[in-house]
Amino acid sequence: MSTETAKPVRRITVPEIAGRKGGQPIVSLTSYHAHTAAIVDRHADFILVGDSLGMVMHGMETTVGVPLDLMIMHGRAVVRGTRRALIVVDMPFGSYEESPAAAFRNAAHVMKETQCGAVKLEGGARMAETIRFLTDRGIPVMAHIGLTPQSSHTMGGFRTQGRDRESWPHHIADAVAVAEAGAFAIVIEGVVEPLAREITEAVPIPTIGIGASAHCDGQILVLEDMLGLNARPPKFVKVYGDLGAQIERAVEAYATDVRERTFPDDNQVYR
């Protein structure tokens, strides 16, 4: 009889993600609760607890209103539901912009309370000092450039970036600045495809595309979007499931059974 035991599951680490530059593409999805995170965990390299949860889970119009405590609550749930993926938690609007010191206090609070492996914050060159401050003090940071949803009010909405070639040097400089400041990866959101390719070639750390390019070192989507739970997903989303329609049919069938008194039947009651 074999005495071999299964190897314990080990979480993917920040250095392992950083080391995937130019290698096997990095797979990522968002998740906000334990049960979906457990499914995603079997396939994704890292899971983002995104502040998009404000819109997806709580019906907000933008991500601006998401509080830090809400990110921590959902971050805890995702960590509890997973075993192997690196968990990255978004820093919400207002939790890191004031100063590097304030960003450190809030990021350290998030990591202590959730036990996540890294945080993500939006902004390019303007956030380089903060990223350096955090990484110098042991907090791994994933950067986010291009379309930054927390800046949607100043951007005039969720607008694709880089349509004018004159703006390309600005976006490339943002990527270089956050990489030099110590970010271990960069999310590139909502930029034209050739610009995303140039950014990927310009930095030594992995780029994670969302509405960007297949040439990025990895990809991320909002889980609910790719599962068909969003009636109007963004252009960059490929819908891999039709869960919205399936849920509708299931709820309708349940309501019919209740009204016709066919549920519960003998199989669902105790004798």
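Sorted by accessible area with a 1.4 angstrom probe, largest first, how do Arg80, Arg261, Arg10 fall?
Largest accessible area first, the list is Arg261, Arg80, Arg10.
Would you mind calculating the relative contact order of the chain from Cα pairs under 8 angstrom and at least 6 residues apart, reporting the percent as a whole number?
Once divided by the residue count of the chain, the mean separation gives 16 percent.
Determine how large the accessible area of Lys112 is when every protein chain is in place; take a 1.4 Å probe and give Å² rounded to the nearest 10.
Using a 1.4 Å probe on the heavy atoms, I get roughly 150 Å².
Any idea of the accessible area per residue across the chain, 1.4 Å probe, to the nearest Å²?
Normalised by residue count, the accessible surface of the chain is 53 Å².
Sorted by accessible area (1.4 Å probe), largest first, how do Asp225, Asp265 line up?
If we order Asp225, Asp265 from most to least accessible, we get Asp265, Asp225.
Multiplying the sequence separation of Ala245 and Ser167 by 0.36 nm and subtracting their Cα-Cα distance, what value in nm do you get?
Contour length minus Cα-Cα distance gives 24.0 nm.
Relative to 2.2 N^0.38 Å, what does the C-alpha radius of gyration of the range 119-228 come to as a ratio? Two decimals please.
Here the Cα radius of gyration is 1.01 times the empirical estimate.
How far is helix 168-181 tilted off the main Cα axis of the chain, in degrees rounded to 10, range 0 to 90?
90 degrees
Compute the distance from the alpha-carbon center of the range 75-109 to that of the range 206-225, in whole Å.
20 Å
With a 1.4 Å probe and all protein chains kept in place, how do Ser31, Ser52 rank by accessible area, largest first?
Result, largest first: Ser52, Ser31.
Length gain on complete extension for the stretch Glu252 to Met60, per 0.36 nm per residue less the alpha carbon to alpha carbon distance?
Stretched out fully, the Glu252 to Met60 stretch lengthens by 66.5 nm.
Report, ordered by chain and residue number, the aspartates and glutamates lying within cross-link reach of Lys21, taken as a straight Cα distance under 13 Å and ignoring same-chain residues fewer than 8 apart.
Glu201, Asp217
Express in Å², to the nearest 10, the accessible area of Phe133 obtained by rolling a 1.4 Å probe over the protein heavy atoms while all chains stay in place.
So the heavy atoms of Phe133 present about 60 Å² to solvent.
Considering only protein heavy atoms and a probe of 1.4 Å, how much of the accessible area of the chain is carbon and sulfur, as a whole percent?
In the chain, the share of accessible area belonging to carbon and sulfur is 54 percent.
Spin-label point model (7 Å from Cα, Cβ direction): what's the Arg271 to Arg137 distance in nm?
Reported label-point gap for Arg271 and Arg137 is 6.6 nm.
The values are calculated or read from the model by the stated rules, or taken from the named source; none is laboratory data. Fair warning: this is a prediction, and the values are worked out from it, not measured in the lab. Glycine also receives a Cβ, built like all others from the backbone with ideal geometry; neighbour counts cover every protein chain displayed. Only protein heavy atoms, including side chains, enter the accessible area calculation; ligands, DNA and RNA are left aside. Shrake-Rupley method; radii C 1.70, N 1.55, O 1.52, S 1.80 Å.
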